[in-house]
Amino acid sequence: MLLIPCPYCGKRDEHEFTYAREGHIARPTNGAELSDADWAQYLFMRKNPKGVHYERWMHAKGCRRYFNVARDTVTHEIYAVYEMGQPKPEIDRGNGR
Amino acid sequence: MSQVNRLTNGGRIDRSKPLRFIFDGKPYQGYHGDTLASALLANGVVLVGRSFKYHRPRGLLSAGAEEPNALIQLGQGNRSEPNLRATQIELYDGLIAESQNRFPSLTTDFGAVNSLFHRVFPSGFYYKTFMWPKSFWLKYEHFIRRMAGLGKCPTEPDPDRYDKLYTHADALIVGAGPAGIAAALAAGRAGARVILVDEQQEMGGSLLSDRQATIDGKPAAHWVADALAELRAMPDVTLLPRTVAFGYYDHNMVSLMERVTDHLSPTSPEALKQPRQRLWRVRAKDVILATGAIERPMVYLDNDRPNCMLASAAQTYVNRYGSAPGKRAVVLTNNDTAYQVALDLVDAGVSVAAIVDVRENPEGELVASARSRGIEILANHAVTHVKGKLAVNGVEVRRLASDGKGVTSDGRGISCDMVLSSAGWQPTVHLFSQSRGKVKWNPDILAFVPDKPLPGQNNQSVGAARGRFSLADCLVDGHAAGAASAHAAGFTHSAGNTPVAGAEPALGAMREMWVVPSTKPLGHEGKHFIDYQNDVTAADVALAHREGYRSVEHLKRYTTMGMATDQGKTSNVNALALMADLRGVSVPEVGTTTFRPPYTPVTIGAFSGIDKGDFLDPIRKTPLHSWHEQHGAPFETVGQWHRAWYYPKPGESMHDAVNREVKAVRTSVGIVDASTLGKIDIQGPDAAWFLNMVYTNAWSKLEPGKCRYGLMLGEDGMVMDDGVTSRLAENHFHMTTTTGGAARVMAWLEDWLQCEWPDKKVYLTSVTEQWAVIGISGPMASKLLAEVAPALPLDDKSFPHLSFTDGVVAGVKCHVYRITFTGEATYELNMPPSYAMHVWRALMQAGEKYGITPYGTEAMHVLRAEKGFIIVGQETDGTTTPQDLGMDWIVSKQKPDFLGKRSLQRSDTKRPDRKHLVGLLTEDPNEVLPEGAQIVADLKDKPPMEMIGHVTSSYYSPNCGRSIAMAVVKNGRNRMGDTLYMPYEGKVVKAKVTEPKFYDPEGARING
């Protein structure tokens, strides 16, 4: 059970949140011009990394805001939370992190 | 029966409070403070169970949570609970317990024949013997499952209450032995918020069984009492005895189960006024694992005879409970700690026939003490045989060969009634392992110890839980950890002085010996048990090795070692180490086992807490609910909503009532409570742009005061919701969604606005419960409305279909929408919920002369099906496009973009032969197809047949005078007029494919 630091409300238990898919996947504005394969890439293909994963969560039973989380899929360590629209932060996992 | 093995003094039981209890139908007496196990031993009962596979007679191995043998069915009737460990059951007056897995009785068990046939029950036997051919398994399964059963599950509902709570702590300390108490004192004195838990009724851990130890100059038990008193006086310290920390989850969340009333008679007033058990979820800044260590038994021949026990268990029974497992012990050991047990037994007046030590030259303070007390020490010896079947009555011992793999001398018999063994101690790393910390092998103590915790899982293992067994080390460790966690949480007060242990005897080295040899090779005579609960022997491990199942994961699955309810607490290391020996590698090379929650079994009741029955899920009721109840309506559950299903008149069946309601709507006027519709208020300058994106059709040109039906797609092009949205003003819309989809749609819209289009000015508010909705539908609807809303212009010109107006209805300001889900002229009146009952009653009263008929969800479904209107989730299933539904008309060709648009052009979604929505008319007009019936075009005598679709909606339509059905059928639109087949329940129903419109296909009736 994760403890997720909502950027708006503070640390809250995982059960207040909804996982809202991988982050930083912009919707193509030129969908009509894309091949089926390229569209499928946007629609279906998702990363499943071992390590840092950039993902969206929504504080469903709180402020109902979406935000980004950089989470380690192995340890569940949360390296960063940041607002929608912010760029991916660099995660330095050296020095024992 | 008298307590033949009760010591006359000593122990922590209260001899002035006798308690009666029944075991296997026989009455016994114990004392307050006893466990069921200690009370049975005091009464001379050593045979307490039968083993799982061989039905071997078994006695107590341990005195704690690790007990593999003494599984008990406790209590009777609906309070009966299986598979409890006798060592953890606190005795109360009137307790009724039964042994398990025996038939008909413990002393005579038919299942014990399994033991004679052990050669056909080797490890892996399920796979080897019964899985092939498969049909054999079906025959044997019933028999084997009965023979290999554990306890019985009660069949009645659990009458007890359970509770759950969440809390936080600066330091959660698991285990209230010396290390845990020292940690709690340090953290508590520094001011931290501390929770100290211990699975036992009394805190103190090993100190409660220790006759010798002193701390700060006091006998250990006194120090414990003083320390607990000090902790109790601290306002931020919570002491939780009878509470097992069973699960360590992510981000330092630990689950606890508190046994609130299990030590009381379950029907006593004191028990009934409290929850039986309480589940705690603790989010701790730091977790201090002071969980101690579990002794390992030696693996010697026939080491499962009743009263073959862990040395420390006998020490606990004697010192803590004043209950001797027997009169005369033989101790078998590879280390010094068992010598203290022997000394304590002698002090308590129990005789020790010999200490059989596998070490060649045991030396040290404890050895010397034992020698000086006249206890015979047989160094470099092994127990090679245990005599007695239902209880130990003697052993044979032999000198070990020089390599320790065999024995040399002739056997010497020693009479005894218990064998106490110790193969060293394994730190209780279960919770640490659950926290996903890795363990490492410590060759000095021949045990796994915690290595580093996982980042973010802040925990410290202290004392015996990390392999530091001396009392002094435990106290130093615990104190330092408690001080450190308080400091880390920001507390700067002094943690006080470290408790100081009195002098302790130094311990000598151990001898590594994972199987004690006997006169014959492994498996050729008797059994060396490793995992008692799953009946896994050393020979089974050797067999797994021979057959190539050599890694820990293979070994476990092949032999079932460690997979019983005790999770191998006393057996894992013995099995791994034996495998390492056989392979000639080190123990860590074989692997370690990963422990998973729960540490000991947890009741389902504790997990559910009060979330059952009416409290399982909230119930949402409309403001008209009581009217529906008063008028006899049964309710249909739609999500959390309870909706009126139909309104039977006296003597009417459901079929009668629904037919009457459906007809009334077509001939006069019906009234329906539609308050449960999802409603979302959408405002902002970009609101129309937003609707263009989330719906398939165009919204820019919708005039204020007009309504439009919309279909919502997922980005994959599949239909996800539908509903009517009205433009209240230029930048203000009122969206309706399906009842069940409201929350999902809201989240979907928020998602796009927040994540993809944050610069758009659109604001969403859920208003589902702010508007009650009453629909009146039918040819008389406008006449009725005119009477109760005289100021409302109702002619088709000023108030046409698909428009909206404000109006006063029965004196109440309403939003009135002219939209329809029945195909008849319909007005949906929206009003604040507190006025709904007034408006409903006014309509009922004014409508009486028209025969106004309240109708429920069933009639609503029939009415819409007559018209071929879909229900999302019934006609659609997440793989349905608008084109599949024949609703291409609602998909804009002009709009450059909307959610799902591009996906409609994918090769698969635009395939012409997908499953299409069609109508079905059965050959027999009275045959109502079951929804979900599979459809075939090419009928065969028997399956397999190609299934080309299924029935999605099916009703009897009184207005059509026959049954009607909708279905999704592969290439359905090109099968119009074809006959298809629905084989079900031993018959075949024929039906003709039609358009999915059965009544008023031109839609003429909408205008009343």
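All of the numbers you see were taken from the coordinates with simple rules; none came from a lab. Since the structure is predicted, the reported quantities are computational estimates derived from the model, not experimental observations. Here the Cβ is made from the backbone with ideal geometry for all residues, glycine too, and neighbour counts use every protein chain on show.
Values computed for the structure shown
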{"item": "Proximal lysines to B:K527, defined as alpha-carbon separation beneath 29 angstrom and excluding residues fewer than eight positions away on the same chain", "result": "B:K53, B:K128, B:K152, B:K327, B:K387, B:K389, B:K405, B:K556, B:K569"}
{"item": "Those lysines that a straight Cα-Cα span of less than 30 Å connects to B:K760, excepting residues fewer than 8 apart in one chain", "result": "A:K11, A:K47, A:K61, A:K88, B:K679, B:K701, B:K706, B:K893, B:K895, B:K901"}
{"item": "Prolate/oblate/rounded label for the range B:225-274 (Cα gyration tensor, a/c 1.5)", "result": "oblate"}
{"item": "Directionally averaged shadow of the range B:144-282, computed from the convex hull of its alpha-carbon atoms, nm²", "result": "12.3 nm²"}
{"item": "Magnitude of the charge dipole, the range B:284-420, Cβ model with Lys/Arg +1 and Asp/Glu -1, debye to 20", "result": "340 debye"}
{"item": "Whether the range B:704-759 is rounded, prolate or oblate, judged on the alpha carbon gyration tensor where a/c under 1.5 counts as rounded", "result": "oblate"}
{"item": "Span-like helix ranges in chain B, DSSP H, alpha carbon extent 24 angstrom or more, Kyte mean at least 0.0", "result": "B:471-488"}
{"item": "For the protein assembly as shown, diffusion coefficient by Stokes-Einstein and Kirkwood Rh (Cα), 37 °C, 0.692 mPa s, µm²/s", "result": "95 µm²/s"}
{"item": "Shape call, the range A:33-97: gyration tensor on alpha carbons, a/c limit 1.5", "result": "oblate"}
{"item": "Filtered trypsin sites (Lys or Arg not before Pro), the range B:326-399: DSSP coil and at most 16 other beta carbons within 10 Å", "result": "B:K327, B:R373, B:K389"}
{"item": "Relative contact order, percent, chain B [alpha-carbon distance under 8 Å, six or more residues apart]", "result": "9 percent"}
{"item": "Globularity index of the range B:396-501, i.e. its alpha-carbon radius of gyration over 2.2 N^0.38 Å", "result": "1.60"}
{"item": "Among B:Q934, B:Y647, B:V419 - extreme Cα towards positive end, dipole of the protein assembly as shown, charges at beta-carbon", "result": "B:V419"}
{"item": "Candidate lysines - alpha carbon under 17 Å from B:K164, same-chain residues fewer than 8 apart omitted", "result": "B:K273, B:K612"}
{"item": "The protein assembly as shown, helix-only ellipticity at 222 nm - DSSP H runs n ≥ 4, -39,500 (n - 2.57), divided by all residues, nearest 500", "result": "-6000 deg cm²/dmol"}
